[in-house]
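Asks: Once you've had a glance at the structure underneath, I'll fire off some questions.
Just so you know, all these numbers are worked out from the coordinates, no wet-lab data involved. Only a predicted model underlies this, so the values are computations on that prediction, with no experimental measurement involved. Backbone-built Cβ (ideal geometry, glycine too); neighbour counts: all protein chains shown.
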Amino acid sequence: MIAGLSKAVVLYLSPVLALTSIILILFAYLAPTLLLHDRVALLTVTPSLSLIQDGPAEDVDGPSLFLGALGSCSRTLNAGSVTCTPVSLSPVYNLSVLPSDSPNLLLNAPTAATPAFIGVSILFGVLFFIAFTMITFRHKMGSKLAALLDKPTIQRFAAWIGFFSFLIGITSFLILRMWFGKAVHDFNGTITLLGQDGPKLVANISNGFTMVWVAHAFYAVPVIISLSKLNVSASKY
């Protein structure tokens, strides 16, 4: 039973996890500029009184800002339409919807290298998913293709592509998390110091990072399986 369950995980669940992780990372990477404009972001600035008064939170209408790795989206009111900046590896965030007394200079974009490395990681991830799926289901393919996919060189290539994709991706998003975490801390700290005279805004790390951590947890399963196969293959030769 345990052997059958293990085989089912390798054959069916791990390719699904690999595909799901790529989709989640793509959503977090392309949002909010290309999709899910006001629903997924890495950092949000929303109307709130939480930083300038005690007690239960009250609903406040005002500008909102949604920042991502490739650009930003914004709206002037809670029910207003969302406008987005062009997609770029070196995005210039549109902060014009925020009041002039808010600490806008603290909300700057990361260096172009970080989004570029995430793009490379996604490309490697797609290659790994294709190679891993073909290797996993090689017994259902023709004998010539199955023999090719059974070679240690091919399996080693797929495993290392997956490993580097995972490593580059999670490192790049960790850098982004520290970058935006510092921005949130400084932005909210400045508004708190301004007190009642400050803008009614609050910055928060958003759900895009949650998607990224879940995606990499999923992605680790096929990568570990692929690397473990290397050890088994190496022991045969």
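Asks: Test of understanding: what is the full-extension gain from Ser100 to Thr210, defined as 0.36 nm times their sequence separation minus their Cα-Cα distance?
Replies: Details: separation 110, 0.36 × 110 = 39.60 nm, distance 3.09 nm.
Going from the current span to full extension adds 36.5 nm.
Asks: Principal axes first, then extents: for the Cα atoms of the stretch 20-90, list largest minus smallest coordinate on each axis, whole Å, largest first.
Replies: 41, 24, 21
Asks: Tell me the net charge near Pro63. Cut-off is 15 Å between Cβ atoms, Pro63 excluded, with +1 for each Lys or Arg and -1 for each Asp or Glu. The partial results should precede the final answer.
Replies: Values: positive: Arg75, Lys200; negative: Asp38, Asp59, Asp61, Asp101.
Neighbour charge sum, excluding Pro63 itself: -2.
Asks: Among Pro152, Ile122, Ala112, whose Cα projects farthest towards the positive end of the dipole of the stretch 2-223, with charges put on the beta-carbon of Lys, Arg (+1) and Asp, Glu (-1)?
Replies: Checking the options against the dipole of the stretch 2-223, the answer is Pro152.
Asks: Springs between alpha-carbon atoms under 10 Å, Gaussian network over the chain: tell me which of Ser72, Ser102, Ser50 tops the mean-square fluctuations.
Replies: Ser50
Asks: If you find the alpha carbon centre of the stretch 57-93 and of the stretch 100-132, how far apart are they in angstrom?
Replies: Each part's Cα centre sits 18 Å from the other's.
Asks: How long are the three semi-axes of the equivalent ellipsoid of the chain, in whole Å, if each is the root of 5 times an eigenvalue of the C-alpha gyration tensor, listed from largest down?
Replies: Details: eigenvalues 399, 54, 44 Å².
Value: 45, 16, 15 Å, ordered largest first.
Asks: Oh, and also: With the contact rule set at Cα under 8 Å and sequence spacing of 6 or more, what percent relative contact order holds for the chain?
Replies: On the way: 377 pairs, mean separation 66.5, N = 237.
Computed value for the chain: 28 percent relative contact order.
Asks: I've got another one for you. What is the ratio of the Cα radius of gyration of the stretch 42-144 to 2.2 N^0.38 Å, where N is its residue count, to two decimals? Before the final figure, lay out each step's value.
Replies: On the way: Rg = 21.3 Å, N = 103, 2.2 N^0.38 = 12.8 Å.
Scaled against compact globular proteins, the figure is 1.66.
Asks: Can you tell me the dipole magnitude for the chain around its Cα centre, using point charges on the Cβ only (Lys, Arg +1; Asp, Glu -1), in Debye to the nearest 20?
Replies: The dipole of the chain has a size of about 1680 debye.
Asks: Also, quick follow-up: From Cα pairs below 8 angstrom and at least 6 apart in sequence, can you work out the relative contact order of the stretch 122-227, rounded to a whole percent? Intermediate values should be presented prior to the final figure.
Replies: Numbers: 63 pairs, mean separation 34.2, N = 106.
Relative contact order comes out at 32 percent.
Asks: Could you give me the ³J(HN,Hα) list for the stretch 111-127, computed from phi with Karplus coefficients 6.51, -1.76, 1.60 and θ = phi - 60°, whole Hz, x at Gly and Pro?
Replies: Result, ordered by residue: 5, 5, 4, 5, x, 5, 5, 5, x, 4, 4, 5, 4, 4, x, 5, 4 Hz.
Asks: Report the gain in length on full extension from Ala112 to Ser143: 0.36 nm times residue separation, minus Cα-Cα distance, nm rounded to one decimal.
Replies: Values: separation 31, 0.36 × 31 = 11.16 nm, distance 4.53 nm.
Between Ala112 and Ser143, full extension yields an extra 6.6 nm.
Asks: May I ask which residue of Val202, Leu227, Phe173 lies farthest towards the positive end of the charge dipole of the chain, with charges of +1 (Lys, Arg) and -1 (Asp, Glu) on Cβ and the Cα centre as origin?
Replies: The residue sitting farthest along the positive end of the dipole is Leu227.
Asks: Report, in deg cm²/dmol and to the nearest 500, the calculated mean residue ellipticity at 222 nm for the chain, where each DSSP H run with n ≥ 4 adds -39500 (n - 2.57) and the sum is divided by the residue count. Before the final figure, lay out the partial values.
Replies: Working: 6 runs with 128 residues, N = 237.
My calculation for the chain gives -19000 deg cm²/dmol from helical runs alone.
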